[in-house]
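Computed from the coordinates by the stated procedures, all read-outs in this text should not be read as laboratory data. Computed from a predicted model, the values in this text were never measured in an experiment. Every residue, glycine as well, gets a Cβ built from its backbone with ideal geometry; the counts of neighbours run over all protein chains shown.
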Amino acid sequence: MTTSLSEKPIVNFLRTYLQQLVLLFSDAELTRSALADALRDKFREALYSPTTEIRFLPFLFLSCQAVRGLNMANLTRALSEHLYPAPTFMSTPPPYFDSVLVPIDAGIDAEAVGSGYVFYFEESLLPHDIYYLLAHAYGHLALGHLRKSDVYSHYDVLSELRSAAGPTRRWDQAVQAQQHLWLVPLAPSSTLLPEDIDVEWSIVGFAEAFERLQREDVDDKAQVIQAFASRHGEQLPQVDFEIGRDAQLKNAGRRSWWCAYKSWAWLYWQIQLVWEKPER
Ligand SMILES: [Zn+2]
C-alpha cells in the first residue's frame, strides 16, 4: 500500500525547495555544466543552512553530477573518480538510463550527509528533463523508498516514466501518483546557451508541425502535439547533434540553429504539458 503524502509536511518543504531550484532550470545564462555546478551548490546550501529544519535533512541530496552517456560503465567511472565503489541495483539496469540515485556510504565519505544519495544525470538532457527527473527523485526519498545507509542505487529512464501506460516498476508508479503534490512547473523558456547544446532539427514532420502551430492552423493544438509526440516521442530524448560544437559554423547559421533549437524546446515543452496532465 502506498503512503499518501498529501498531508505530510515534507510536501510543503519539497514544493518550497523546488520553487528555489526552478530558477536554475529557467536561467538561460547557464551552460549545461554550469547548471550541474549551480545545482550542486544549491544542494550544499540547503544541507548546511541553519534555516533547514533537521527533520527534512534525510530528504536532501548530497550532491549531483552530469555524466555523458549514462550507463553502468560511465557511472562506475564517475564514482571511481571520487573513490566510491561501483553501484549495485536491485534489478539489472538497461544499457543506458537518464538518471540514477547512488548512496554514498558515510564510512567512505565522511561528508555524506542528508539522505546520503547523489543524483547523477545524463549530461545531454534538456534542463526541463533534468528537472523532471530530479522532482521524481525527491519522490523516492519522500516515500521512503531510498533512505540513508541503503546500499542500492535506483535508475530512472524518462521514456519509461512518461510512457502512456505509466512506469512498470512499483516504486516509480507510487512516485508518479503523487509527484503533482510537489512538482512546481517550469517556465516554458527553460533552456541552455546554444554553445553547449546538441540539437537535431531534422526530425521528420517537426518543421511542418511547428509551422502549423505558429499559424494556429490547427483545430486542436494539443491534438497535433500529441500526434507528433506519439510518432516521434521515442526520438526526442535521444536527439544528438554536433552543430553547437561546430567551430566552422557561421554566425548567421548559428542564430538560425538557435532559433530552431528554441522552437524545438518550445514544442517539446508543449508535449510535456499534454503528457503530464494531472489526471494521469
Ligand atoms: Zn524512479
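How about the stretch 1-76: which GluC sites (Glu not before Pro) there lie in a loop by DSSP and see at most 15 other Cβ atoms within 10 Å?
Working: sites: 7, 29, 45, 53; in loops: 7, 29, 53.
In loop regions of the stretch 1-76 (DSSP not H, G, I, E or B), the sparsely surrounded GluC sites (Glu not before Pro) are 7, 29, 53.
What order, most packed first, do the peptides 163-170, 100-107 have when packing is the mean number of other Cβ atoms within 10 Å of each residue?
Values: 163-170: 12.2, 100-107: 19.6.
Per-residue mean Cβ counts within 10 Å order the peptides as 100-107, 163-170.
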